[in-house]
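Bear in mind that the values in this text are calculations on the coordinates, not laboratory data. Remember, it's a predicted structure, so these values are computed and weren't measured experimentally. Heads up, the Cβs are rebuilt from the backbone with ideal geometry, glycines too, and the neighbour counts pull from every protein chain shown.
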Amino acid sequence: MAPPRRLAGRSPQLAGEYFEIGVPPAYGLFARNVRGLSLHHLRFDVANPDLRPAVVFDHVQDAAVNGLSAWGDSGAESLLRLVESHDVLLSACRIRGRSSTFLRVEGSSSANISVDGGDLSKAAAVLSFGAGAPEAAARQRG
């Protein structure tokens with residue numbers, strides 16, 4: 001195996017935070033500092049009740065999630081959580097089980113988040129906002 005290639009006089013580094021994160025904030029998918037993320041036809045199940053969101057995006061921009069199916073828990077704050085994220089499209093999502101909220105948006109720089117279609121009828125609320133997120137940051141269509 002060849003040694004790692006040096007870039008601009010530095011050795012490539014593994015993201016230490018990835019291995020030192022402890023318990024991830026999501027039971028299914030946690031994405032931080034990502035640009036240009038496309039996810040299609042995801043299904044997240046749990047063997048035991050889990051109060052963490054299925055998906056957490058933290059500082060994610062330009063993302064599309066199509067066909068997400070995830071198990072909700074009515075005791076959890078939300079099924080999905082977006083923190084300081086923008087230009088995100090969530091389409092054709094489906095909640096299995098009950099959920100208090102489908103999507104929680106947090107952070108003042110969150111913007112241009114769209115929830116388009118799907119079956120969100122098992123959520124008591126589709127959207128909630130916190131940590132300074134403006135209500136104009138996200139909207140539900142269809």
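For ARG98, the residues whose modelled amide H falls within less than 5 Å of its own, excluding neighbours fewer than 5 places apart on the same chain, are GLY72, SER74. Each peptide in 125-136, 35-46, 71-82 was scored by the mean count of other Cβ atoms within 10 Å over its residues; highest first, the order is 71-82, 125-136, 35-46. Residue by residue, the range 73-86 carries 3J(HN,Hα) couplings of 9, 5, x, 7, 5, 6, 7, 10, 9, 10, 10, 6, 10, 8 Hz when phi is fed to the Karplus relation 6.51 cos²θ - 1.76 cosθ + 1.60 (θ = phi - 60°); x denotes Gly or Pro. Scanning residues 5 or more positions from LEU42 or on other chains, those with amide H under 5 Å from its amide H are LEU68, SER69, with H placed 1.01 Å from N in the peptide plane. Here's the picture: charge each Lys and Arg Cβ at +1 and each Asp and Glu Cβ at -1 in the range 25-141, and of SER99, LEU82, ALA47 the one pushed furthest to the positive end of that dipole is ALA47.
Placing +1 on the Cβ of every Lys and Arg and -1 on the Cβ of every Asp and Glu, with no other charges, gives the range 18-64 a dipole of roughly 80 debye about its Cα centre.
When only Cα pairs below 8 angstrom with a gap of at least 6 residues are kept, the range 25-141 shows a relative contact order of 21 percent. Scoring 48-54, 103-109 by mean Cβ neighbours within 10 Å over their residues and listing the highest first yields 103-109, 48-54.
May I have the convex hull volume per residue, in Å³, for the Cα set of the range 25-141?
Numbers: hull volume 9.4 nm³, N = 117.
So the per-residue hull volume is 80 Å³.
If R0 is 22 Å, the Cβ-Cβ spacing of SER114 and VAL23 corresponds to a FRET efficiency of close to 0.15.
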